[in-house]
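Below: the structure, in C-alpha cells.
Derivation of every value follows stated rules applied to the coordinates shown; laboratory data play no part. Because the structure is predicted, anything quoted here is derived from the model rather than measured. Every residue, glycine among them, receives a Cβ derived from its backbone with ideal geometry; neighbour counts consider all protein chains shown.
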Amino acid sequence: MMPREAVRPLYRRALRGMDAASLGEDPMMRLVEFCETLLPLPPFEVWVADVRRNPGAHLLDLQDAADAPSAMAPATLEARRLDRKGSSWVARLRGYRDHDAWRGFIAFEDASAGTVHSTALIFRERDASALRERFLSFESATLEAFLRSSLP
C-alpha cells in the first residue's frame, strides 16, 4: 500500500525524539504504532467485514489509487466457487487499470491441487465495479466454459 521508497523516511519520523532505550526490539512494531497515530485504521477483521458488505466502495478506492493494480500486478476483484467433474475450483477475477479502462481475466485455481490456469484478457470495462458486475453476471455454465478454455 505504500511505495517502497517511502518506508525509510516514515521510519525516521517514527524514531524522531526517541532515545535508544525506548526503541524496543521490534522496529516494525514501532513503525506500525507510529502509522496508527497518523491513520487510525480499523482492526483487520472490521475492514474485511466492510469489504464483504460494500465491495463497490472499495473498488472505487482502487480507481484513483496512485498504486492501482497494473498488468504486472493485477488485483483480485472478486472470487467465485465452481465445481467441475468432482473437483472444486475458485474462479478469481483479476483486473488492472489500463489508461481509461479496466481490463481483466479469470484465474482458475484447483482447490485440491493448487494449480492455476488463466484465460486471456477477456474483460474491458470503464471501471473496476463494472468489471466485477460483468464477472458476477456469468452463469456457472459460462464460467465452466472459460475454465475448459484455459486448461491445457
Task: Extreme residue, surrounded by the most Cβ atoms within 10 Å (Cβ to Cβ), among residues of the stretch 95-152 that are within 18 Å of the chain's Cα centre (by Cα) and part of a loop (DSSP other than H, G, I, E, B) - done: D127
Task: In the stretch 35-45, the residues that are assigned to a helix (DSSP H, G or I) and surrounded by 10 or more Cβ atoms within 10 Å (Cβ to Cβ) - done: C35, E36, L38
- [ ] Look through D83, D110 and report the one residue that is acidic (D, E), in contact (Cβ under 8 Å) with a residue 12 or more places away in the chain and touching a Phe, Trp or Tyr at 6+ places or on another chain (Cβ under 9 Å).
- [x] D110
- [ ] Using the structure shown, decide if T76 is surrounded by fewer than 16 Cβ atoms within 10 Å (Cβ to Cβ) and without any contact (Cβ under 8 Å) to a residue 60 or more places away in the chain.
- [x] yes
Task: Close pairs (7 angstrom Cβ cut-off, 6 or more residues apart or separate chains): farther than 15 Å from T76 by Cβ in the stretch 126-147, hydroxyl-bearing (S, T, Y) anywhere - done: F146/T119
